[in-house]
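The next block holds one structure in the form of C-alpha cells; read it before the comments.
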Amino acid sequence: MAVDKFRVGDLVCGYPSHGKLYEGNVGIATEVIVGRAQDEPHVKVRFPNGAEEIRDVGRMRYAGKPMDRTGSVIVKWLDDQPGYVGLHQEWSAEMFTETGWALARDPWGQPHWLPPREQSGDIQYVFRHSDERHAVAMQTVMQSSP
C-alpha cells in the first residue's frame, strides 16, 4: 500500500457506503504511521469533535487540503424526522478544500466535514444529534475570496 496517498494536514475520509458518508469517517490526518517495510501503514485522524483514531491507510482516501476561508453552504435535509423533510438550510462554514469539501456547523453548532455534490447527485452525510439520526446533502458552496 502506498503511504504517499496523503500527508499530515490533509483531509482524509473513508469510502462512502451506498452513497452515504457517516460522521466519524472524515477528518484531518495528524500522523502517517509507516513502521517497517512489511508492516501495514496507518494514519492517525483527528475528527471535527476533537477525537482521534488510528485507521488503515487502505481504508482512507485523500479528500483535499483544508484552507481557512469563511463562507456558508446550503444543505438539504434528507432524513424523515418531522420538520426536516426536504428542508433547505444555510450553514456557516470555516474551512474549505480545493476538492469541494466544507467544514460547516449544523444548527446545534457542531462542526462536520461535508462532502461535495458529485455529477451523479448528492452524497448523503449521516450524523447524530441528541440520539436522533440525521442525513443531509451539501448542495451549494458559497466561500469568501482568499
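The values are calculated or read from the model by the stated rules, or taken from the named source; none is laboratory data. None of the values given here were measured: they were computed from a predicted structure. Virtual Cβ from ideal backbone geometry, glycine too; neighbours counted across all protein chains shown. For accessibility, only protein heavy atoms count, side chains too; no ligands or nucleic acids. Shrake-Rupley method; radii C 1.70, N 1.55, O 1.52, S 1.80 Å.
What the table shows:
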read-out: Positions within the stretch 95-115 being in contact (Cβ under 8 Å) with a residue 40 or more places away in the chain and either of a type in the set (A, V, I, L, M) or more than 16 Å from Val26 (Cα to Cα) (or both), in sequence order; value: Ala102, Leu103, Leu114
read-out: Where Ser72 falls short, out of the listed (1) at pLDDT 95 or above; (2) under 26 Å from Arg7 (Cβ atoms); value: (2)
read-out: Single residue of Tyr84, Tyr62 found to be surrounded by 14 or more Cβ atoms within 10 Å (Cβ to Cβ) and part of a loop (DSSP other than H, G, I, E, B); value: Tyr84
read-out: Which listed residue is surrounded by 12 or more Cβ atoms within 10 Å (Cβ to Cβ) and in contact (Cβ under 8 Å) with a residue 40 or more places away in the chain, from Ser92, Ser72; value: Ser72
read-out: Long-range neighbours under 6 Å by Cβ, at least six apart or interchain, first residue open to solvent by 30 Å² or more (accessible area, probe 1.4 Å) within the stretch 116-143, second β-branched (Val, Ile, Thr) and modelled with pLDDT of 90 or more; value: Gln139/Ile74; Thr140/Ile74; Val141/Val73
read-out: Residue ranges of strands (runs of 3 or more DSSP E) in the stretch 100-142 with at least 2 members within 15 Å of Asp79 (Cβ to Cβ) and at pLDDT below 95; value: 124-129
read-out: Condition met for Arg59 (of a type in the set (Lys, Arg) and more than 16 Å from the chain's Cα centre (by Cα)); value: no
